[in-house]
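Asker: The following block contains the structure, expressed as C-alpha cells.
The values are calculated or read from the model by the stated rules, or taken from the named source; none is laboratory data. Being a predicted model, the structure only gives us computed values, none of them experimental. Cβ atoms come from the backbone with ideal geometry, glycine included; neighbour counts cover every protein chain shown. Accessible surface is based on the protein model in full, side chains and every heavy atom, while ligands, DNA and RNA are left aside. Shrake-Rupley method; radii C 1.70, N 1.55, O 1.52, S 1.80 Å.
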Amino acid sequence: MAGYISDDTRKVTTHRLIEMKQRGEKIAMLTSYDYTMAQIVDGAGMDIILVGDSASNVMAGNVTTLPITLDQMIYHGKSVVRAVRRAMVVVDMPFGSYQGNELEGLASAIRIMKESHADALKMEGGEEIIGTVKRIIGSGIPVMGHLGLMPQSINKYGTYTVRAKDEAEADKLVRDAHLLEEAGCFGLVLEKIPASLATRVAAELTIPVIGIGAGNGVDGQVLVAQDMLGMNNGFRPRFLRRYADLHTIMTDAISTYVSDVKNLDFPNEKEQY
Ligand code: KIV
C-alpha cells in the first residue's frame with residue numbers, strides 16, 4: 001500500500017518485542033551513534049539500536065555521560081535513523097533534559113522524537129522520575145526504563161561497581177521496575193546488577209528486560225558496539241565479550257597506509273586518473 005503510513009512489516013515495534021518475550025526469543029540490542037555503524041548493525045539483524053548517551057564517552061571522549069546535550073543526542077539520533085530499516089531506534093534522554101520537572105521532560109522528549117524521528121526513548125531512574133515517565137508515555141511516546149547502574153548518577157555513586165548488592169537497594173530496584181511497568185514502559189534496561197536479581201525482575205515483569213552485566217536470565221542483552229568490537233583496548237569489564245579485535249585490525253591497516261604513502265607505494269598506476 002503506497003501512502004503516508006509505512007507498510008514496512010519488517011520494522012521492530014514495541015508490540016513485536018513483547019511477543020518475543022512471550023515466546024522466549026531473546027532480544028539483541030547494540031549501540032550506534034552514526035550512520036555508517038548503524039547501517040552495519042541494522043543489516044546484521046539487530047532488534048534494537050540504542051543511540052546511547054555513552055556517545056558522550058565513546059564519540060566525544062568525555063569521562064562521563066553527563067556533558068552530552070539534547071542537541072547532540074538529536075544529531076546522533078538523526079544520523080542513526082537515516083541508516084536503519086528494521087531495528088527499533090531508541091534514543092537516550094541526556095542528563096539534565098528530564099530531571100527538572102515533568103513539562104521540561106516532556107518538551108525534551110517531544111524535541112527528540114520530532115527532530116530525530118526515533119521510535120522510542122530511554123530514561124534512567126525509577127520512583128524519582130515516574131511522573132515525567134507517565135507524562136511522556138501519556139503523550140504517545142514509548143519509553144524504556146533503565147535501572148541498576150545509572151551512569152548519569154555516577155557523581156552520586158562515586159564508582160562504576162555492581163549495584164543493588166545489598167537488600168535495601170535490591171528491594172528498591174524491584175519496586176522501581178514494577179512502577180516503570182505500571183507507568184507503561186515497553187521495556188527496561190538493567191545495568192550491572194547481580195544475575196539472580198535481574199532474573200527475578202525479568203520473571204516478575206511482563207515487559208522485556210534487557211541486561212548489560214546482568215547475566216543471562218533476562219529477555220535480551222545490550223552492549224556498546226565499540227566495546228564488543230574491541231575498538232577500545234583499555235575497557236575490559238568482566239561482563240564484556242569482545243567479538244573482534246578491531247583495535248589491532250584498524251591500527252595495522254592505518255599504519256600500513258602511512259608507510260605506503262611514505263614509501264611512494266600508494267597510489268599506484270591503477271589508483272590514479
Ligand atoms: O548509553 C548507553 O550506551 C547505555 C547502555 C550501556 C545500556 O545506556
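Asker: Quick check on region 186-206: of everything there that is open to solvent by less than 10 Å² (accessible area, probe 1.4 Å) and aliphatic (A, V, I, L, M), which residue is nearest to the ligand (Cβ to nearest atom)?
Answerer: Just the residues of region 186-206 that are open to solvent by less than 10 Å² (accessible area, probe 1.4 Å), to begin with: 187-190, 193, 198, 201-202, 205.
After this cut, where a residue has to be aliphatic (A, V, I, L, M) as well, the list is 188-190, 193, 198, 201-202, 205.
Numbers: 188: 11, 189: 5, 190: 9, 193: 12, 198: 13, 201: 15, 202: 16, 205: 17 Å.
Here the answer is 189.
Asker: Six or more apart or on different chains, Cβ atoms under 7 Å: show the pairs whose first residue is in region 47-67 and over 9 Å from residue 151 (Cβ atoms) and whose second is assigned to a strand (DSSP E or B) and at pLDDT below 95.
Answerer: Between residues of region 47-67 that are over 9 Å from residue 151 (Cβ atoms) and residues that are assigned to a strand (DSSP E or B) and at pLDDT below 95, there is no close pair.
Asker: Restricting to region 19-33, count the residues that are in a loop (DSSP other than H, G, I, E, B) and more than 14 Å from the ligand (Cβ to nearest atom).
Answerer: Restricting attention to region 19-33, the residues satisfying the condition of being in a loop (DSSP other than H, G, I, E, B) are 23-26, 32-33.
Right, trim to more than 14 Å from the ligand (Cβ to nearest atom) and you get 23-26.
Selection size over region 19-33: 4.
Asker: Please work out which residue is least open to solvent (accessible area, probe 1.4 Å), limiting yourself to region 152-166 and to residues that are in a loop (DSSP other than H, G, I, E, B) and under 15 Å from residue 213 (Cβ atoms). Walk me through it before giving the result.
Answerer: So the first thing to find is which residues in region 152-166 are in a loop (DSSP other than H, G, I, E, B), and the list is 158-166.
Next, from what is left, pick out any that are under 15 Å from residue 213 (Cβ atoms): 159-165.
Numbers: 159: 49, 160: 94, 161: 77, 162: 60, 163: 37, 164: 5, 165: 156 Å².
Here the answer is 164.
Asker: From 141, 154, 110, 129, which residue is aliphatic (A, V, I, L, M), closer than 22 Å to residue 17 by Cα and in the same structural domain as residue 208 (by TED's automatic domain parsing)? So that I can check it myself, show each step before the final result.
Answerer: Values: 154 fails: closer than 22 Å to residue 17 by Cα; 110 fails: closer than 22 Å to residue 17 by Cα; 129 fails: closer than 22 Å to residue 17 by Cα.
Of the residues listed, the single one that is aliphatic (A, V, I, L, M), closer than 22 Å to residue 17 by Cα and in the same structural domain as residue 208 (by TED's automatic domain parsing) is 141.
Asker: Also: Show me the helices (runs of 4 or more DSSP H) found entirely inside region 45-121 where at least 3 residues are within 17 Å of the chain's Cα centre (by Cα) and within 16 Å of the ligand (Cβ to nearest atom). Step through it out loud before you land on a result.
Answerer: On the way: elements: 55-58, 70-83, 102-116.
Because the criterion is at least 3 residues that are within 17 Å of the chain's Cα centre (by Cα) and within 16 Å of the ligand (Cβ to nearest atom), the helices (runs of 4 or more DSSP H) in region 45-121 that meet it are 55-58, 70-83.
Asker: More than 17 Å from the chain's Cα centre (by Cα), more than 15 Å from the ligand (Cβ to nearest atom) and either of a type in the set (Gly, Ala, Ser) or buried (at least 22 other Cβ atoms within 10 Å of the Cβ) (or both): is that true of residue 126 in this structure? I'd like the intermediate steps shown before the answer.
Answerer: Working: more than 17 Å from the chain's Cα centre (by Cα): yes; more than 15 Å from the ligand (Cβ to nearest atom): yes; either of a type in the set (Gly, Ala, Ser) or buried (at least 22 other Cβ atoms within 10 Å of the Cβ) (or both): yes.
Answer is yes for this residue.
Asker: Taking the condition under 26 Å from residue 35 (Cβ atoms) and either open to solvent by 10 Å² or more (accessible area, probe 1.4 Å) or aliphatic (A, V, I, L, M) (or both), does residue 133 pass? Don't jump to the end; show me each part of the working.
Answerer: Working: under 26 Å from residue 35 (Cβ atoms): no; either open to solvent by 10 Å² or more (accessible area, probe 1.4 Å) or aliphatic (A, V, I, L, M) (or both): yes.
When the stated conditions are applied, residue 133 does not pass them.
Asker: Considering every residue within region 212-219, establish whether at least one is open to solvent by 30 Å² or more (accessible area, probe 1.4 Å), within 22 Å of residue 49 (Cα to Cα) and touching a residue at least 40 places away in the same chain (Cβ under 8 Å).
Answerer: no
Asker: Specify which of the listed residues (121, 179) is closer than 28 Å to residue 32 by Cβ, aliphatic (A, V, I, L, M) and touching a residue at least 12 places away in the same chain (Cβ under 8 Å). Before you say what the answer is, go through the steps one by one.
Answerer: Details: 179 fails: closer than 28 Å to residue 32 by Cβ.
So the residue among 121, 179 that is closer than 28 Å to residue 32 by Cβ, aliphatic (A, V, I, L, M) and touching a residue at least 12 places away in the same chain (Cβ under 8 Å) is 121.
Asker: Yes or no: residue 169 surrounded by fewer than 16 Cβ atoms within 10 Å (Cβ to Cβ) and more than 15 Å from the ligand (Cβ to nearest atom)?
Answerer: Numbers: surrounded by fewer than 16 Cβ atoms within 10 Å (Cβ to Cβ): yes; more than 15 Å from the ligand (Cβ to nearest atom): yes.
When the stated conditions are applied, residue 169 passes them.
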